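S.K.: Provided herewith is a single structure, encoded as structure tokens, for subsequent inquiry.
The values are calculated or read from the model by the stated rules, or taken from the named source; none is laboratory data. Here the structure is a predicted model, which is why all the values come from computation and not from measurement. Reconstructed Cβ throughout: ideal geometry from the backbone, glycine too, with neighbour counts over all protein chains shown.
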Amino acid sequence: MIVRILGEGQFALDDQHADLLNSLDAGLEATVEAGDEEAFHAALTDLLAKVRAIGEPLPDDVLEPSDAVLPAQDSDIEDVRSMLAESDEGLIPG
């Protein structure tokens, strides 16, 4: 699976991590729905940190189709709410 973090780059992740990422994605979505800014920033930080930790960064000169696009670290809750509105599956498909 290829995951893009906006403003940062792409990461290749093994599909075995899909359940973990979906769990973190669901937690992020819940904070957005609740409008809880503090929990939102913590959930976004956790999701992006996990992608960075378990993913292999792709070289900048390689551009693969992304299976998931995640917001930048400095995104606000409204940015993420807009991204979620465009998807039926959250930010991480599956």
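S.K.: Hey, could you check the stretch 33-66 for residues that are modelled with pLDDT under 95 and either under 10 Å from the mean Cα position of the chain (by Cα) or among the aliphatic types (A, V, I, L, M) (or both) and say which is farthest from Ile5 (Cα to Cα)?
M.R.: Among those that are modelled with pLDDT under 95 and either under 10 Å from the mean Cα position of the chain (by Cα) or among the aliphatic types (A, V, I, L, M) (or both), it is Val62.
S.K.: Another one. How about the stretch 1-87: which strands (runs of 3 or more DSSP E) wholly inside it have at least 2 residues that are aliphatic (A, V, I, L, M)? Outline the logic, then answer.
M.R.: Numbers: elements: 2-5, 9-12, 68-70.
Correct list: 2-5, 68-70.
S.K.: Among all residue pairs at least 6 apart or on different chains, which show Cβ distances below 6 Å where the first residue, located in the stretch 1-15, is surrounded by fewer than 18 Cβ atoms within 10 Å (Cβ to Cβ) and the second is hydroxyl-bearing (Ser, Thr, Tyr) and in a loop (DSSP other than H, G, I, E, B)?
M.R.: Filtered contacts from the stretch 1-15: Ile2/Ser66.
S.K.: Name the single residue that is farthest from Glu38 (Cα to Cα) among those in the stretch 62-71 being of a type in the set (A, V, I, L, M, F, W, C) and touching a strand residue (DSSP E or B) at 6+ places or on another chain (Cβ under 7 Å).
M.R.: Among them, the one singled out is Ala68.
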